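**Student:** What follows is a structure written as structure tokens; I'll ask about it next.
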Amino acid sequence: MEDSAAPGAGSPPANGNGNGNGNGGGKGKQAAPKGREAFRSQRRESEGSVDCPTLEFEYGDTDGHAAELSELYSYTENLEFTTNRRCFEEDFKTQVQGKEWLELEEDAQKAYVMGLLDRLEVVSRDRRLKVARAVLYLAQGTFGECDSEVDVLHWSRYNCFLLYQMGTFSAFLELLHMEIDNSQACSSALRKPAISIADSTELRVLLSVMYLMVENIRLERETDSCRWRTARETFRTELSFSMHNEEPFALLLFSMVTKFCSGLAPHFPIKKVLLLLWKVVMFTLGGFEHLQALKVQKRAELGLPPLAEDSIQVVKSMRAASPPSYTLDLGESQLAPPPSKLRGRRGSRRQLLTKQDSLDIYNERDLFKTEEPTTEEEEESAGDGERTLDGELDLLEQDPLVPPPPSQAPLSAERVAFPKGLPWAPKVRQKDIEHFLELSRNKFIGFTLGQDTDTLVGLPRPIHESVKTLKQHKYISIADVQIKNEEELEKCPMSLGEEVVPETPCEILYQGMLYSLPQYMIALLKILLAAAPTSKAKTDSINILADVLPEEMPVTVLQSMKLGIDVNRHKEIIVKSISALLLLLLKHFKLNHVYQFEYVSQHLVFANCIPLILKFFNQNILSYITAKNSISVLDYPCCTIQDLPELTTESLEAGDNNQFCWRNLFSCINLLRLLNKLTKWKHSRTMMLVVFKSAPILKRALKVKQAMLQLYVLKLLKIQTKYLGRQWRKSNMKTMSAIYQKVRHRMNDDWAYGNDIDARPWDFQAEECTLRANIEAFNSRRYDRPQDSEFSPVDNCLQSVLGQRLDLPEDFHYSYEIWLEREVFSQPICWEELLQNH
């Protein structure tokens, strides 16, 4: 009990950062008014944000075409549009007299592009850069000859198809290889104290051309000609498969990401690399709708029943729920006991969670207390969770987090409008039916029958009806079939023979990523951490602003405001691309083979992806989603048509007229979906959510009135509800009701009360270790086995071996008797030696 007398141990310190002052109780009393003032300030902010209107947001693979193209460029690069145009016009005048690009016939345009590609193959870097800028101007839509933004986008798409048909992408791929291997540029950047946009000029031009070609060709329209459709499929094949003994293009971009994060190439324009990588993966593997079609097709191939509903359409038809009232989020200050009582009872059950391996963290405290947690303990929990997140991510400072204890205030009088029917059809796993029958047989018969779900002898009639209902809603996933097949292949490798693995783009990408996959995941999460708005700048963190900072720093207030908006926008785009990329990879790998998905997931978990995402959401999410970090007059293609206006405070603050930022809401939903993918059916990872005190963080995200975001928040709350205690459930009945209305029901899932046997899994490490062993066995069996294996199947049947037809020489039957005499009859057989050797 010595720790209970330590000053400041029972209540959070006034500054909210979780550090005790250690100077006795007097200072705690003096700091209390400051803490209450911070609490009232936070309450005023939150009460103002509760009135958030329903956001009319349609989730999809990407934003609008123009928006996706505009995010390629930072506002610092706007001056280069003029440079690109000048380089093109200077070159064009030397080749074509008296005409403009749009006036040329298609054959003349092709001839000019061929000349440009020839002029790319020069030794001088400056001349090569000028020609590359001319190509970039074509890909940007020859905006100098256009009158409107629609024209710019139209000619950009036309020119990109033309450039691809003339072999521009392959030429630029060779130049990209040269720039990546340019050791002089790397060493020059490493010597500089501050890297600016000028250090990555060549790379930015090359990546911009390639991104514009991928994005424009990827976009499908009904008016596309047959030639364009054929070109699109050819381009997709070139990017998906290894061409000319080279690795797939996505792997080259992954290697650029790891090289950037290792510090060997700090000048790489990482935003452009990530955007291009995301779009290449989406183009080659397919977006979310294509994924749904592949899932339907694969279920049909495996003989599984069709899906009960299209999850995308169900989510689109959902309506957002009103967020929980403030009193249920943060509690009223008068409900908390006075500090003197807190000091009398503090510290009895409290243990600080020190930084350690994520999988060992659960041994630090008893998470399964049988009694209800007191209000004081829950007040401490938020501070503990914040310190745990900061310890896991090794950040300098932690953001202040107002303690969110559940309140015992009466529920809001607002009536809840229940829907006529639940949106999702319930699902039951085979494991659930087996578990239900095991309990029933133990209760009524006294013994079990293992995995037998058909024999119901001796069970009462209601149990028969229950089993019938469970089987009606039984759902067999593709992953269940894949796991079962994998178990059979492990048991009988010889009799089942070699598995035939189709060479799909997803399979080829996984094979290429396999041996460097941990490095790829760590690099992406490092960049995501550096781009998160809750992260503080550190001396040892990677610099992700190399392709946004100008050579000369701003000198006026307006220039500083513009650069500040540009930097924030730059970080938002990086978060958007990484979140979408990781989600696409996980979904495609899960469909291709569940153990490929589990391999990527486990490395994300080991790289602290779960606390990183929670740290991201530990901010005012509503403010992040409604942020206006954009200057519409400087966005492409608007900035290419109009003369750039003189910067004023009004033009900088105007932004767009949307009620929310599409990319930020898209990023938040992707990160929540990612968190759901990592934690679904994984008790050890669910306990990480509990240990990191994610419930108050996630509940604050419910203030955003958008149905899809709320759905994934409620899913994350549902899986940990049984661990949060009776007091939390009693104080959050509105959230519990929303979970019931919006999240799919699993029969026999006692999520609201925590009485099932899975609610208390003690050995969390065993779960992860078993999964890891299965993954390693899968990777070893499918990818590490040599071609001529000594374990290849052998035919041991005498009749089948003797009955095989052998191709013998034509003249063999002439010398058959001589061969028989020489090789069989004249050879002595020493039976004693044969017995001794064996």
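**Student:** Stretched out fully, how many nm does the piece from Asn657 to Glu832 gain, at 0.36 nm a residue minus the Cα gap? Display every interim value, and only then the final one.
**Tutor:** On the way: separation 175, 0.36 × 175 = 63.00 nm, distance 9.68 nm.
Working it through step by step, the gained length comes to 53.3 nm.
**Student:** Starting from the eigenvalues of the Cα gyration tensor, five times each then square-rooted, give me the equivalent ellipsoid semi-axes of segment 222-313, largest first, whole Å.
**Tutor:** Output for segment 222-313: semi-axes of 32, 19, 14 Å.
**Student:** Pop out the ³J(HN,Hα) list for segment 174-179 in order, Karplus 6.51 cos²θ - 1.76 cosθ + 1.60 with θ = phi - 60°, rounded to Hz; leave Gly and Pro as x.
**Tutor:** 5, 5, 5, 4, 4, 5
**Student:** Provide the solvent-accessible area of Leu652, counting protein heavy atoms only and rolling a 1.4 Å probe, rounded to the nearest 10 Å².
**Tutor:** 0 Å²
**Student:** Determine, for each peptide in 261-274, 297-310, 62-75, 637-650, the mean count of other beta carbons within 10 angstrom over its residues, then list the peptides with the highest first.
**Tutor:** On the way: 261-274: 22.4, 297-310: 11.9, 62-75: 18.4, 637-650: 13.4.
Sorting 261-274, 297-310, 62-75, 637-650 by mean packing, highest first, produces 261-274, 62-75, 637-650, 297-310.
**Student:** Keeping the other protein chains in place, figure out the carbon and sulfur percent of the accessible area of segment 430-473, with a 1.4 Å probe.
**Tutor:** Here it works out to 53 percent.
**Student:** Still on this model: Which of rounded, prolate, oblate describes segment 430-473, given a ≥ b ≥ c as roots of the alpha-carbon gyration tensor eigenvalues and a/c under 1.5 marking rounded, otherwise prolate only if a/b is larger than b/c?
**Tutor:** Oblate, since a/c reaches 1.5 and b/c is not below a/b.
**Student:** Measuring from label point to label point, each 7 Å out along Cα→Cβ, what is the Leu79 to Ser148 span in nm?
**Tutor:** Reported label-point gap for Leu79 and Ser148 is 3.3 nm.
**Student:** Residue by residue through segment 467-482, which ³J(HN,Hα) values in whole Hz follow from phi under the Karplus form 6.51 cos²θ - 1.76 cosθ + 1.60 (θ = phi - 60°), with glycine and proline marked x?
**Tutor:** After applying 6.51 cos²θ - 1.76 cosθ + 1.60, I find 5, 4, 5, 4, 5, 5, 9, 5, 10, 9, 8, 4, 4, 4, 5, 5 Hz.
**Student:** Output the pairs from Lys192/Lys272; Lys271/Lys703; Lys316/Lys718; Lys295/Lys703; Lys259/Lys562; Lys536/Lys718 with a Cα-Cα distance over 27 Å in this structure; if there are none, say none.
**Tutor:** Violating the 27 Å limit, Cα to Cα: Lys271/Lys703; Lys295/Lys703; Lys259/Lys562; Lys536/Lys718.
**Student:** Taking amide hydrogens as modeled 1.01 Å from N in the peptide plane, which residues meet the under 5 Å criterion relative to Thr534, leaving out close sequence neighbours?
**Tutor:** none
**Student:** Another question, then. Order Trp819, Trp101, Trp228 by their accessible area, 1.4 angstrom probe, all chains in place, largest first.
**Tutor:** Heavy-atom accessible area, descending, gives Trp819, Trp228, Trp101.
**Student:** If you don't mind, there's one more thing I want to ask. Between Leu264 and Ser477, how high is the FRET efficiency from 1/(1 + (r/R0)^6) when r is the Cβ-Cβ distance and R₀ = 56 Å? Nearest 0.05.
**Tutor:** 0.85
**Student:** Please name which of Thr721, Ala752, Gln741 has its Cα lying farthest along the dipole of segment 680-786 towards the positive end, using unit charges on Cβ (Lys, Arg +1; Asp, Glu -1) and the Cα centre as origin.
**Tutor:** With unit charges placed on the Cβ atoms, the residue in question is Gln741.
**Student:** Cross-link list Lys443/Lys742; Lys431/Lys677; Lys468/Lys742; Lys443/Lys699: which exceed 28 angstrom alpha carbon to alpha carbon? Don't skip to the answer; put the middle values down first.
**Tutor:** Values: Lys443/Lys742 34 Å; Lys431/Lys677 20 Å; Lys468/Lys742 25 Å; Lys443/Lys699 40 Å.
From Lys443/Lys742; Lys431/Lys677; Lys468/Lys742; Lys443/Lys699, over 28 Å: Lys443/Lys742; Lys443/Lys699.
**Student:** Cβ neighbours within 10 Å, averaged per peptide: list 253-260, 810-817, 427-434 in order, most packed at the top.
**Tutor:** Numbers: 253-260: 20.8, 810-817: 9.1, 427-434: 17.4.
Result, highest mean Cβ count within 10 Å first: 253-260, 427-434, 810-817.
**Student:** I've got another one for you. State, as an integer percentage, the relative contact order of segment 480-626 based on alpha-carbon contacts under 8 Å between residues 6 or more apart.
**Tutor:** About 33 percent, as a whole number.
**Student:** What is the packing order of peptides 186-193, 116-123, 562-569, taking the mean over residues of other C-beta atoms within 10 Å and listing the highest first?
**Tutor:** Most protected by this proxy first, the peptides run 562-569, 116-123, 186-193.
**Student:** Tell me, in nm to one decimal, what length is gained between Glu499 and Met318 on full extension, where the rule is 0.36 nm per residue of separation less the Cα-Cα distance?
**Tutor:** So the chain would gain 60.9 nm between Glu499 and Met318.
**Student:** Please work out how much length the chain gains when fully extended from Ile818 to Leu304, using 0.36 nm per residue of separation minus the C-alpha to C-alpha distance, in nm with one decimal.
**Tutor:** The Ile818-Leu304 span can extend by a further 178.9 nm.
**Student:** Whole-Hz ³J(HN,Hα) for each residue in segment 557-566, computed from phi via Karplus 6.51 cos²θ - 1.76 cosθ + 1.60 with θ = phi - 60°, x for glycine and proline: what do you get?
**Tutor:** Karplus-based 3J(HN,Hα) across segment 557-566 equals 5, 5, 5, 5, 5, 5, 5, x, 5, 5 Hz.
The values are calculated or read from the model by the stated rules, or taken from the named source; none is laboratory data. Please read all numbers here as calculations on a predicted model, not as lab measurements. So basically every Cβ, Gly included, is an ideal-geometry build from the backbone, and we count neighbours across all protein chains shown. Side chains are part of the model used for accessible areas, which takes the heavy atoms of the whole protein and leaves out ligands, DNA and RNA. Shrake-Rupley method; radii C 1.70, N 1.55, O 1.52, S 1.80 Å.
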